[in-house]
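Below is one structure, written out as structure tokens, with a few remarks after it.
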Amino acid sequence: MNAISLRRATEADVRIIVEMLADDPLGAMREDLSEPLAAGYLDAFRAIDADPNQFLAVAERDGEIIGTLQLTFIAGLSRKGALRGQIEAVRVAAPARGIGLGSQMIDWAVEECRARGCATVQLTSDASRTDAHRFYERLGFKASHLGFKRTL
């Protein structure tokens with residue numbers, strides 16, 4: 001396997017990130033791949049990129065983006081004011097699945113959280129993604145909470 005690097009995403013990466021988000025049954029229902037790309041995606045990217053507590057990462061191999069995740073650092077009063085890292089939107093491009101990239105990206109995110117002084121790192125996964133749940137458990141995550149969402 002050629003070397004894979006993780007880096008901060010740029011605006012030029014937004015389309016491929018959205019394509020990866022849309023490349024599964026849940027994402028296909030939520031995302032919009034029309035041309036031009038919906039302005040909301042670029043607005044969201046700019047807000048993420050301007051926020052020092054956000055890191056939208058892409059994994060790159062030979063100049064091709066093959067994975068992405070978003071890392072958010074959350075300050076809170078609970079746990080004696082501990083900083084938490086939140087991993088979201090983990091995606092690996094279809095041709096790069098099965099080569100260990102997902103594990104590499106999560107390991108990278110955990111190390112970024114450790115370097116920032118986080119006391120814990122957390123993530124959520126849709127209840128229907130049972131394969132993803134097993135993947136995260138193999139990486140040392142424990143199912144500890146039941147999450148709720150409300151669409152607005």
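Numbers below:
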quantity: Extreme residue, farthest from residue 86 (Cα to Cα), among residues of segment 108-131 that are among the aliphatic types (A, V, I, L, M) and in contact with a helix residue (DSSP H, G or I) (Cβ under 9 Å, 6 or more places away or on another chain); calculated: 127
quantity: Yes/no for residue 50 being within 26 Å of residue 16 (Cα to Cα), surrounded by fewer than 10 Cβ atoms within 10 Å (Cβ to Cβ), of a type outside the set (Phe, Trp, Tyr) and modelled with pLDDT of 95 or more; calculated: yes
quantity: Flag for residue 124 being of a type in the set (S, T, N, Q) and touching a strand residue (DSSP E or B) at 6+ places or on another chain (Cβ under 7 Å); calculated: no
quantity: Among (1) exposed (fewer than 14 other Cβ atoms within 10 Å of the Cβ); (2) on the phi > 0 side of the Ramachandran plot - the single one residue 89 does not satisfy; calculated: (1)
quantity: Qualifying positions in segment 1-32 - surrounded by 14 or more Cβ atoms within 10 Å (Cβ to Cβ) and either part of a helix (DSSP H, G or I) or over 16 Å from the mean Cα position of the chain (by Cα) (or both); calculated: 4, 13, 14, 15, 16, 17, 18, 19, 20, 21, 22, 27
quantity: Pair list, Cβ < 8 Å and 6+ apart or interchain, from segment 16-45 residues that are closer than 23 Å to residue 61 by Cβ to residues that are surrounded by fewer than 12 Cβ atoms within 10 Å (Cβ to Cβ) and modelled with pLDDT of 95 or more; calculated: 45/11
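The values are calculated or read from the model by the stated rules, or taken from the named source; none is laboratory data. Note that this is a predicted model, so its numbers are computed, not measured. When we count neighbours, we look across all protein chains shown, and the Cβ atoms used for this are built from the backbone with ideal geometry, even at glycine.
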